[in-house]
Amino acid sequence: MKILGIESSCDETAAAVVEDGRRVLSEVVRSQIDIHRRFGGPVPEIASRSHLEVILPVIEEALERAALRPDQIDALAVTHRPGLIGALLVGLAAAKAFALALDRPLIGIDHVAAHIYGAGMDDPNPPEPPYVALVVSGGHTSLFLLSDPLAPVSIGRTADDAAGEAFDKVASILGLGYPGGPAIERAAQGGDPARFRFKPPLLSPQGIDFSFSGIKTAVLYRVTGRNSRREPLPLSKENVRDVAASFQEAVVDGLVQASFRAVEANRARALVVGGGCAANTRLRQRLEQEAKDRSIRLLLPSRSRSTDNAVMIAGLGYHQYQRRGADDLSLDAYPS
Ligand code: KG4
Ligand code: ZN
């Protein structure tokens, strides 16, 4: 079964054709990062308009690369939640148009569930339930328990910002540009992660819920000297490197601690990690080390499939369709 996946929930317009939930026949991702860069983050109205401009060329390119005509597609899978509502509607309208014109099933996909599925997609052996999933991106920082791979149950979440947002804000404080995740990662190279002692972004020290507002403010106060008796910190190359490294270390520490606490509490044997921040090298290293020490199976997506893509949408679409069938054309988009 060849499924055309469509993703437009934030600032990437993506389409992909995946066969039977696993074999990737084509994938296209058109990022809007250059358009949003001068605003320091995605601007919802601009995102919707940009999706509208490229959605059809992106879908056509995905079909072309798979060497398929539209009528050779067996079903359409599309992100319909959560995300920027105007952005979601563009992908959803396109998917409905194809479904109606070709008389093919329409499958509405949850973006977060797709990140979890996508993380294990390249592995020929799916993880044994129950397993824990950490989804860590610009819009989400949550832990899930999966007894059923199609029904993630939320067990931990952020009380305020997502990890990716904190990366973006701290990068902006340090004058490193957007998107913040890759910018912080680059700046942190060779920095001293122990020079500034930022607390891990956990709501309570022993819990599995997150809070990123404290660490963001701590970095701001340390750099500006505000609310402390310290002088402002000059943004020299060395200082920026050390703040970036210390911030990244604290965030990674919080994510790793909470994830393995959730694994332990639920007697899970595997941890799946997805979302844009899963591209972070330091996070990947720490997760790999910790998983090895505890003999826990770790499933990580490749770096390029950590960020938003349509392969994960088409992939999950196959399994959802097998189990629950299609949605009808009244399928709606939801921001959360
Ligand atoms: O999953 P994604 O593409 O979109 C959402 O669903 O939010 O994630 C985007 C987020 C951005 O906040 C970006 O800064 C972060 O992922 N990100 C990273 C890295 N690459 C992307 N964060 C930390 N380190 C990275 N290397
Ligand atoms: Zn995402």
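Before moving on, here are some points about what is shown:
- Difference of contour (0.36 nm per residue) and Cα-Cα distance, E64 to S213: 49.2 nm
- The mean sequence separation of alpha-carbon pairs under 8 Å and at least six residues apart, normalised by the residue count of the chain, gives a relative contact order of 25 percent.
- Amide proton proximity set for A77, modelled H, under 5 Å, gap of 5+: L4, G5, I6, I107
- FRET E, pair T281, E45, Förster distance 30 Å, beta-carbon r, rounded to 0.05: 0.35
- In the chain, the longest principal axis of the Cα atoms and the axis of helix 281-294 are about 90 degrees apart.
- Burial ranking of peptide ranges 200-213, 266-279 (average Cβ count within 10 Å, highest at the top): 266-279, 200-213
- Protection proxy ranking, highest mean first, for peptides 15-24, 37-46: 15-24, 37-46, where packing is the per-residue count of other beta-carbon atoms within 10 Å, averaged.
- Mean residue ellipticity at 222 nm, helices only, the chain: -14000 deg cm²/dmol; runs of at least 4 DSSP H residues each add -39,500 (n - 2.57), and the sum is divided by the number of residues.
- Loop-resident sites, region 145-212, for trypsin sites (Lys or Arg not before Pro), counting at most 12 other Cβ within 10 Å (DSSP): R197
- The chain, Cα convex hull volume normalised per residue, Å³: 127 Å³
- Derived scalar couplings ³J(HN,Hα) [region 250-261; Karplus, 6.51 cos²θ - 1.76 cosθ + 1.60; whole Hz; x for Gly, Pro]: 5, 5, 4, 4, x, 5, 5, 4, 5, 4, 6, 5
- Rel. contact order, % - alpha carbon contacts under 8 angstrom, at least six apart, region 197-336: 18 percent
- With the highest mean first, a sort of the peptides 329-336, 187-194, 76-83 on other beta-carbon atoms found within 10 angstrom per residue produces 76-83, 187-194, 329-336.
- Spatially close Lys pairs in the chain, defined by Cα atoms under 24 Å apart and a spacing of eight or more places or different chains, total 7.
- Rounded tilt (10° steps) of 111-120 against the dominant C-alpha axis of the chain: 90 degrees
- The chain: angle of helix 44-65 to the longest principal axis, Cα-based, in degrees nearest 10: 50 degrees
Every number here is computed from the coordinates shown, using simple stated rules; none is lab data. All figures in this text were calculated on a predicted structure; none of them were measured in a lab. Here the Cβ is made from the backbone with ideal geometry for all residues, glycine too, and neighbour counts use every protein chain on show.
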